[in-house]
Amino acid sequence: MRPGGAQVDARLIVGDLVPNIKILPLDRVIEAADGSTIMEAAHEHGLYWPTTCGGEGICTSCACTIDEGEANLEPLGRGELKTLAEELGEATVRTRCLRLACQARAHGDVTVTKRGVRPAEASLVTPE
């Protein structure tokens, strides 16, 4: 606590800023380990993120729009750009600020839009 009773975020005291990722339209904010991908962070919080390649960066099923915080992501890599450009065209990728959630690593707060993200379903297998 600061003098006067104001609370201080403990992450600021130790210098350990934890990126927050806001996922729309789900309207959920999750914390991510610094340097983790958007999809890794979602999985860590029990969310299903659409993908067909399992996070290898060779499809565009996990592609999301970066609404805010693009500068807080590692730069678009050559492989990621190639995958996105082959599927959607390079101009579309840059104009719409698209990233593969399995490749985009967060180092600060980011807001993304991705339809189909939802809480992972519980196992359909019932315990005996």
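Just so it is clear, none of the values below were taken in a lab; they were calculated from the coordinates. These numbers come from a predicted model, not from an experiment. Quick reminder, even Gly has a Cβ in these numbers, built from the backbone with ideal geometry, and neighbours come from all protein chains shown.
With the alpha-carbon atoms as the only input, what is the per residue convex hull volume for region 70-113 in Å³?
Each residue corresponds to 71 Å³ of Cα convex hull volume.
Counting other beta carbons within 10 Å of each Cβ, put Cys64, Cys102, Cys59 in order, fewest first. Mind dumping the intermediate values first?
Numbers: Cys64 26, Cys102 23, Cys59 17.
Ranked by crowding around the Cβ, least crowded first: Cys59, Cys102, Cys64.
Which FRET efficiency value, to the nearest 0.05, do you get for Ala120 and Arg78 by plugging their Cβ-Cβ distance into 1/(1 + (r/R0)^6) with R0 = 35 Å? Write down the numbers at each step before the final one.
On the way: r = 31 Å, r/R0 = 0.89.
Efficiency at R0 = 35 Å is approximately 0.65.
Multiplying the sequence separation of Thr65 and His107 by 0.36 nm and subtracting their Cα-Cα distance, what value in nm do you get?
This chain segment gains 13.4 nm when fully extended.
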